[in-house]
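To start, the structure under review is shown below, and the notes come after it.
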Amino acid sequence: MNNRVYLHSKEKENSLVKLMIYLLIPFFLLGFYKNGIQLYRHHLVSIVMLFKPLFLLGISIFVSLLFSIIKRKPFVSYLLLTNILISLVTMPNTNIIMYLVTIIVINAILCFINFNAIALFMIILFIFSIFLKDYTFLNAFEKSVEHDYSFINYLFGQGSGGIGNSFFLFSIISLLVLCFRFSYKKHIPLTAFSIYYILLIIYSFITGNIDLDLYMNNNLVFGVIFIAPLTMISPYTKGGCYIYGTLLGLLSFITIFIDINIGIYFIIFLLSLFYKLFDKMLYLNNKR
C-alpha cells in the first residue's frame with residue numbers, strides 16, 4: 001500500500017493536466033452565466049462587468065504565459081492549471097485589480113518555493129475581504145434575495161461558491177472521470193469524502209437536521225476533487241494519500257462549526273505544507 005505509485009513521466013503528467021483543464025470548461029461556462037449573464041439580466045452589473053469571469057480567466061492565462069516564458073517552461077503545465085483553478089474559486093465580488101496583483105505575487109513566490117498556490121490565494125483574499133468588510137461567497141443577485149435551494153438547485157449550480165466552481169453535478173462527474181486515470185491521486189478525495197460524510201451523517205442523525213449546504217457545499221467538493229490532489233503538492237505514496245485524505249476529511253468536518261467555505265482552503269494549505277512528512281512517516285515505519 002505504501003509503495004510509490006505516483007511518480008510518472010512528464011507525458012503522463014501533461015496528459016492529466018490537459019484532461020483537468022478540459023473538465024473545467026463546463027464550470028467556466030456555468031460561472032459565466034451565473035456571475036455574468038444572470039447578473040446583467042437583473043441589472044446588477046454593467047455590460048463591461050458582464051464579462052468579469054472572462055477577464056479573470058484571461059488574467060490567469062496571461063500570467064501563466066508570462067511566467068512560463070520567464071521560467072522557460074512549457075505553457076501547458078501545472079502552473080496553467082493552478083492559475084485557471086484560481087480564476088474559478090475566487091469570490092464573485094473579487095476586485096479585478098486586486099486579483100491581478102495577488103495572482104502575480106503568488107506566481108512570483110512559486111518561482112522559489114512549492115506550495116498550494118490556490119489555497120494561499122484564497123487565504124490572502126479572505127484576509128483582504130475581512131479587512132474591507134466584504135467577505136462573501138454570494139454574488140450580487142444571491143445577496144439581494146432570500147433563497148431556499150432544493151437538491152436539484154444545488155446539483156445545477158446554485159448555492160454559495162466561487163465565481164466558477166459551483167457546478168456540483170459536474171464535480172461528481174469529473175471525479176468519476178479522473179478516478180479512471182492512474183496518475184490522479186483518487187485516494188485523497190475518496191478517503192476525504194468517506195470520512196467527511198460519515199461524520200456529517202452521524203452529526204445530522206444526532207441533531208435531526210440535514211443541511212444541504214453542508215452535504216453539497218461547492219467549495220468543499222470542488223476543492224477536494226481538483227485542488228487537494230494536485231500532483232506537485234500532495235503525497236507521492238498511496239499510504240501518504242490515505243493519511244492526507246483522512247486528515248482532510250476530519251478537519252473539513254470540523255470547519256462546519258466555523259466556516260466551511262473558507263475553511264477548506266486553510267486546511268488544504270496547511271496539509272500541503274506537511275505532505276512530504278506523510279510519505280516519510282511511512283518510509284520510516286517500513287524500515288523498522
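The values are calculated or read from the model by the stated rules, or taken from the named source; none is laboratory data. Here the structure is a predicted model, which means the values were calculated and not measured. Neighbour counts are summed over all protein chains in view; Cβ atoms, including those assigned to glycine, are modelled from backbone coordinates with ideal geometry. With ligands, DNA and RNA removed, areas are computed over all heavy atoms of the protein, side chains included. Shrake-Rupley method; radii C 1.70, N 1.55, O 1.52, S 1.80 Å.
Put a dot 7 Å past each Cα toward the Cβ at Phe156 and His43; how far apart are the dots in nm? That separation, rounded to one decimal, is 2.7 nm. With 25 Å as the limit on Cα-Cα distance, the pairs of Lys52/Lys143; Lys18/Lys238; Lys73/Lys186; Lys186/Lys280; Lys18/Lys186; Lys34/Lys133 that go past it are Lys73/Lys186. Residues in the range 29-74 average 61 Å² of solvent-accessible surface per residue, probe 1.4 Å, ligands and nucleic acids excluded. Nonpolar atom fraction for the range 15-101, defined as the carbon and sulfur part of the 1.4 Å probe accessible area, stands at 75 percent. Within the full protein context, the accessible area of Tyr78 is estimated at about 40 Å² for a probe radius of 1.4 Å.
Anyone know which of Phe257, Phe182, Phe62 comes out most mobile in the 10 Å Cα GNM of the chain? So, out of Phe257, Phe182, Phe62, the one fluctuating most is Phe257.
Taking the Cα centre of the chain as reference, the dipole from Cβ charges on Lys and Arg (+1) and Asp and Glu (-1) amounts to some 1260 debye.
Protein-only accessible surface at a 1.4 angstrom probe places the residues Ile254, Ile59, Ile118 in the order Ile254, Ile59, Ile118, largest first.
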